[in-house]
Amino acid sequence: MKTIEVVAGLICRNGRFLICRRPQHKARAGLYEFPGGKVEPGETPENALRRELSEELAICPQVGGAVADVTHTYPELTIHLTLYRAVILQGEPRGLEHDDLQWIGAEHLNDFPFCPADVAFHDAIRKLYMPVCDP
């Protein structure tokens with residue numbers, strides 16, 4: 001099975017980040033994900049993420065460095081998913097491709113059902129965004 005390159009954005013604002021729920025007509029319906037999509041031939045991952053976030057959320061993002069990546073096999077395909085930091089330069093996210101958008105803190109990751117590939121990013125996100133408490 002061929003591996004498909006996919007990118008996603010960890011879009012942060014005021015200590016919270018954006019998660020999006022997949023609609024009923026798509027695979028993994030009702031599960032949350034970090035927004036993004038497939039890298040098209042000839043596209044850099046960063047340009048693919050800019051395009052996908054524009055198409056899915058009607059925003060113009062600035063894409064930063066990669067946070068983490070994972071290879072995950074679903075029944076119908078294998079993906080190599082890379083999560084990049086992203087900041088909104090223009091626009092307010094709208095659910096053009098998703099049926100729910102939520103701004104959450106890292107402490108609420110377990111409160112939402114996520115696509116299995118996206119769950120792999122939870123530990124990295126917690127390390128980046130949850131405060132460290134000294135005993």
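The values are calculated or read from the model by the stated rules, or taken from the named source; none is laboratory data. It should be emphasised that the depicted structure is a prediction, and the values quoted were computed from it without experimental measurement. As a convention, Cβ positions derive from the backbone with ideal geometry for all residues, glycine included, and neighbour counts pool all protein chains shown. Each accessible area value is taken on the protein alone, full model and side chains, heavy atoms only, with ligands, DNA and RNA left out. Shrake-Rupley method; radii C 1.70, N 1.55, O 1.52, S 1.80 Å.
In the stretch 66-79 there is no residue that is of a type outside the set (D, E) and more than 22 Å from I4 (Cβ to Cβ).
So that you can scan it fast, the table gives a plain yes or no per residue for (1) modelled with pLDDT under 95; (2) over 13 Å from the mean Cα position of the chain (by Cα); (3) not hydroxyl-bearing (S, T, Y):
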| position | (1), (2), (3) |
| --- | --- |
| R51 | no, yes, yes |
| S54 | no, yes, no |
| I59 | no, yes, yes |
| V63 | no, no, yes |
| T73 | yes, yes, no |
| L77 | yes, yes, yes |
| L96 | yes, yes, yes |
| L101 | no, no, yes |
| F112 | no, yes, yes |
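Just one of the listed residues (R13, R51, R94) is open to solvent by 40 Å² or more (accessible area, probe 1.4 Å), in contact (Cβ under 8 Å) with a residue 40 or more places away in the chain and of a type in the set (K, R), namely R13.
Taking each residue of the stretch 61-87 that is open to solvent by 30 Å² or more (accessible area, probe 1.4 Å) and looking for partners that are at pLDDT 95 or above and among the acidic types (D, E) with beta-carbon atoms closer than 7 Å, six or more apart or interchain, yields H80/E5; H80/D69.
Residue-by-condition table, conditions (1) touching a helix residue (DSSP H, G or I) at 6+ places or on another chain (Cβ under 9 Å); (2) within 23 Å of G91 (Cα to Cα):
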| residue | (1), (2) |
| --- | --- |
| I19 | yes, yes |
| Q24 | no, no |
| R50 | no, yes |
| L57 | no, yes |
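Only one of the numbered conditions (1) assigned to a helix (DSSP H, G or I); (2) surrounded by 13 or more Cβ atoms within 10 Å (Cβ to Cβ) is not met by N110, and that is (2).
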